[in-house]
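Take a look at the structure below.
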Amino acid sequence: MSRNDAPLATADDVRARIDTSKPHSARFWNYFVGGKDHYEIDRRTGDQIKEIFPGLVDVAVTSRHFLGRAVRYLTVDQGIRQFLDIGTGLPTADNTHQVAQRYAPDSRIVYVDSDPLVLAHARALLTSTPEGRTAYLDADLYRPEEILQAAESTLDLSRPVALMILNTLGHVADMDQARELVRRLMAGLPSGSHLVISDSTATSEGMIAASKAYTESGAVPYHVRSVEEVAGLFDGLELAEPGVVRVTDWRPEEDPAAEAAAVDAYGGVARKA
């Protein structure tokens, strides 16, 4: 069952916005997790970066598994039934709505992205259980109040919401601005809401080199940050155990498929009091 609150752009409109001359993060990441929605430039850049830092593939895969464990924790342990997923990326297996509705069929999910290829595939994200609902917003992270206002057509913002921002804030060059965007988004959500963040981190020379090579490819730069900077995005919130840790170390006992690799990606889940 597919539900959406606004008509999606036409195929011609979407094609006009897609630039296949430069790699794009959503397509690049999709290539790394084994998806099919990428172009030659994304594959070529991905192969070049894998030669520099093969561990980036592990970061992509384990970050996806972290999403699944975090959503399961929120639905099963915290009773969350509403999700606002910003920086959606391209549909693969176990998207936020699929995991949430597996455990809580009445869950409502709003996906937010501004990438035209994600928009082209948005209908794949809009399947839903009869009890639940999904929607897609073609919107900009840099306009948090507009995102919250548009999300209200699907979500009840007087009730707790899980804000998901995975592998996205690295595109915000200024760390203070990244913190401010998170703060403004959480300010519009009620007590009992949760924040889920994961991002690649500058915790190895290989990851730092991979980030530099990606930027030099002509793509929109992705800034890898320190663990302390990622942890600072949760300031003022109550972190769930085990805190901000490698994505592979976040409640791995709950998922027998979780890897034990020391990947260069950290994440956490926190609650708004």
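Using a Förster distance of 35 angstrom, determine the FRET efficiency expected from the C-beta separation of VAL220 and GLU131, and round it to 0.05.
Values: r = 38 Å, r/R0 = 1.08.
The calculated FRET efficiency here is 0.40.
For the range 34-147, place one equal point scatterer on every Cα, skip the solvent, and apply the Debye formula. What is log10 of I(q)/I(0) at q = 0.10, 0.12, 0.19 Å⁻¹?
Relative scattering, expressed as log10 I(q)/I(0), comes to -0.34, -0.49, -1.07.
Roughly what would the spin-label model give for TYR142 and GLU51, points 7 Å off Cα along C-beta, in nm?
Placing both labels 7 Å beyond Cα along the Cβ direction yields 3.4 nm.
Determine, for TRP29, TRP250, the number of other Cβ atoms within 10 Å of each Cβ, and report the residues in order from fewest to most. Don't skip to the end; give the middle numbers.
Working: TRP29 23, TRP250 27.
The fewest-first ordering by Cβ neighbours comes to TRP29, TRP250.
Considering only the range 11-271, what is the antiparallel percent among its DSSP beta bridges, to the nearest 5? Before the final figure, lay out the partial values.
Numbers: 11 of 32 bridges.
Looking only at bridges with both residues in the range 11-271, the antiparallel portion is about 35 percent.
Under a Cβ-only charge scheme (Lys and Arg +1, Asp and Glu -1), can you give me the dipole magnitude of the chain about the Cα centre, in debye to the nearest 20? Working shown, then result.
Values: 28 positive and 40 negative charges, 99 e Å.
Using only the charged Cβ atoms, the result is roughly 480 debye.
Roughly how many debye, to the nearest 20, is the charge dipole of the range 48-169 about its Cα centre, given +1 on each Lys and Arg Cβ, -1 on each Asp and Glu Cβ, and no other charges?
Values: 11 positive and 15 negative charges, 79 e Å.
Here the range 48-169 has a charge dipole of around 380 debye.
Out of (i) 0.93; (ii) 1.11; (iii) 1.15, which label holds the value of Rg/Rh (Cα atoms, Kirkwood Rh) that was computed here?
Recomputing Rg/Rh (Cα atoms, Kirkwood Rh) here gives the entry labelled (i).
Among all the lysines, which ones have a C-alpha under 27 Å from LYS50's C-alpha, if same-chain residues fewer than 8 places away are not counted?
Within reach: LYS22, LYS36, LYS212.
Every number here is computed from the coordinates shown, using simple stated rules; none is lab data. All figures in this text were calculated on a predicted structure; none of them were measured in a lab. Don't worry about glycine lacking a Cβ; one is built from the backbone with ideal geometry, like all the others, and counts go over all protein chains shown.
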